[in-house]
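Have a look at the structure below, then the notes.
The values are calculated or read from the model by the stated rules, or taken from the named source; none is laboratory data. Only a predicted model underlies this, so the values are computations on that prediction, with no experimental measurement involved. Glycine also receives a Cβ, built like all others from the backbone with ideal geometry; neighbour counts cover every protein chain displayed. Heavy atoms of the whole protein, side chains included, go into the accessibility calculation; ligands, DNA and RNA do not. Shrake-Rupley method; radii C 1.70, N 1.55, O 1.52, S 1.80 Å.
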Amino acid sequence: MLGLIAILAIWVCGSQGEVLFLDTFDKGELAWTHASDEKYQGKFALEQGVLEGDRDMMIPNDAKHYGIAQKVEVNPADHDELVVQYDVKYEHGLTCSGSYLKLIKSPFSDLDQVKDGLPYSIMFGPDRCGQNNRVHFIFQYPNKVTGKLEEHHMLRPPQIAGMDRKTHLYTLVIKGEEFKMKIDNEVVRSGKISDPSEFSPPLTPPEEVDDPEDVKPEDWEDQSEIPDPEDKKPDDWDENEPRMHADPEAKMPEGWLEDEPPTIADVRAVRPEDWDDQEEGAWMPPLIQNPKCDVGCGPWTAPLVANPKYKGAWTPQLIKNPKYIGEWKPRKVPNPEHYRVENPRLLKFSAVGIELWVMDTNIRFDNVLVCTDEGEAGEIALRTWKVKTLGEAEAERQQSTSTGTKLENIGRTIDDYMSRIHRNLAYLLINNGYGNVVSAVESTGMPHAFTFILLLLCFSPIFASAAYQLYRSYKEGPEEDEDDSATPENATGDTADPDASESKKDDAETKDDPVASEPVGEESEIVPDKEDSGIRQRRVAS
């Protein structure tokens, strides 16, 4: 429902961005170019997605290098804002694989030459192997002094969101010096690319660096504590005492047979008819546990316990170092490579590339986008990624539906039906192409009165879900005990049994009797008490 509200808000306000590159892979043909280098044996494949007509670009095999690229010419300096976005799904989980994009630095025209080591403008996306679990944002920028490209890694990267094997959205927004990283449309990291605390190494080199020629003096004392030279080992300190020794109080258990072996040959074993002594050696019956060794057999040894005399190796106690100066650090000198970057702009790029080594299968990429407006990217995400997640949720509900009562199944059916209305209405409002919701609905030819009804359907999943939850609360509430007043013996009136009042009294006494109380949660039935002279009835466990 929140997704639909966001859809309505975006279409009311509209967006002004320019889509520089978008591939949803739904045309049925893969327009990307695979790497021709023999190292890249893995080949991407187009596969049907969770929704009808939706396709993903998938990594089908593990333990392979994959390389692929698609042409796009972008100069970030020409735009006030740059957005890179795509969604990815780890259908079989993620153990050790990358799933990031590289925007390959211009000029680059031979798409089949995509490979490791190519200069790039931006590297963005998830990467995991072992304990390393992060979403990268790395950009390359030329050092003005050396002229070489340097990689600047974002510090404190967030962790990957795809451990649940669902489709997740990754978005990077760069606006001037400011950047913003989002996962599933939620901001997880933000800052400035020029901030030295955000990237390593910093974009602007430090003004001072350690003097490489400075050396610590030989007499420099940087240990705050030293062994006490006057401390001496006590005379009774025995370093040879072991940490553990045999328990002197332990005794061999009664019934322990020291002369009996723990295992004996199995007398019931029979030599196989096809046994060949020349090839397999002399046949020996297998060993089994000695049946006489209920307590134990063989040599007995006392268990080990902590040795109270153990002290370990002696060391003198530490005292403050009277010559302590402090931690030595080399002196600072002006950095010959220092320069200041004013208004940094990321490098031009000529292709969107994927260059990976993977150890997992069925990694699905979809809706790869480069545009110039965050709102535009959000709008595209709502009509692609958001609708896809609704389809995944519906498929999961259908798969997990268990057998229940007819009324429970009807409730689930209504809930699923309302979810489909929600998703289809989202398609209608987004794909219509109008700047406001009312005109989008009116374009279908429906009258104004029905427009209100259709918009009301946006909120119908809330009502349906609330009704279903109320029903579940009613079903799961405490069941009342059977009403004893329904029995003929407890009936009131002139036709009641003359012993009814006595029966009620006895029933009350029986109910208060702790011995006669029935176990909680067990079903019971009414049976006559044959040992009682009256017609009193009682409950017994069925």
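Just the accessible area for Leu390, please: 1.4 Å probe, Å², rounded to the nearest 10?
The accessible area comes out at roughly 40 Å².
In the structure shown, do any of Lys89/Lys388; Lys148/Lys348; Lys166/Lys388; Lys216/Lys320; Lys43/Lys115 have a Cα-Cα gap over 18 Å, and if so which?
Lys216/Lys320
With a 1.4 Å probe and every protein chain left in place, work out the accessible area per residue of the range 279-397 in Å², rounded to a whole number.
Heavy-atom accessible area per residue stands at 55 Å².
Extending each Cα 7 Å along its Cβ direction at Lys309 and Glu258, get the distance between those two points in nm, one decimal.
Modelled inter-label distance: 2.4 nm.
Label Lys251 and Glu178 with points 7 Å out from Cα along Cα→Cβ: what is the distance between them in nm?
Result: 8.3 nm between the two label points.
Work out how much length Glu186 to Glu279 would gain on full extension: take 0.36 nm times their residue separation and subtract the Cα-Cα distance, in nm to one decimal.
Value of the extension gain: 26.4 nm.
For the range 371-391 and the range 203-241, what is the centre-to-centre distance using only Cα atoms, to the nearest Å?
58 Å
Cut-off under 24 Å on the C-alpha distance; same-chain residues fewer than 8 positions from Lys311 excluded. Which lysines are left, in chain and number order?
Within the straight-line cut-off, Lys311 pairs with Lys232, Lys233.
Which GluC sites (Glu not before Pro) from the range 267-333 combine a DSSP loop assignment with at most 14 other Cβ atoms within 10 Å?
When the GluC sites (Glu not before Pro) of the range 267-333 are filtered for loop state and at most 14 Cβ neighbours within 10 Å, Glu273, Glu327 remain.
Please compute, over every Cα-Cα pair in the range 141-220, the percentage with a separation greater than 20 angstrom.
Considering the range 141-220, 52 percent of its Cα-Cα pairs are separated by more than 20 Å.
Rounded to the nearest 10 Å², what accessible area does Lys115 have for a 1.4 Å probe in the complete protein model?
90 Å²
Quick check: at a probe of 1.4 Å, how many percent of the accessible area of the range 218-308 sits on carbon and sulfur atoms?
With neighbouring chains kept in place, the figure for the range 218-308 is 50 percent.
Pull up all non-local amide H partners of Val209: gap of 5 or more, or a different chain, and H-to-H distance under 5 Å with H placed in the peptide plane.
Val333, Asn335
So, with +1 on the Cβ of K and R and -1 on the Cβ of D and E, and no other charges, what is the size of the charge dipole of the range 205-343 about its Cα centre, to the nearest 20 debye?
With only Lys, Arg, Asp and Glu charged at Cβ, the dipole is about 580 debye.
Which FRET efficiency, nearest 0.05, do Gln317 and Leu287 yield, Cβ-Cβ r, R0 56 Å?
After rounding to 0.05, the efficiency reads 0.50.
How do Cys371, Cys293 stack up against each other in accessible area, from largest to smallest, with a 1.4 angstrom probe?
Cys293, Cys371
Can you list which of the GluC sites (Glu not before Pro) found in the range 112-207 are DSSP loop residues with at most 13 other C-beta atoms within 10 Å?
Glu207
For the pair Tyr324/Val215, report the inter-label distance in nm, with labels modelled 7 Å from Cα in the Cβ direction.
Going from the Tyr324 label point to the Val215 one covers 2.7 nm.
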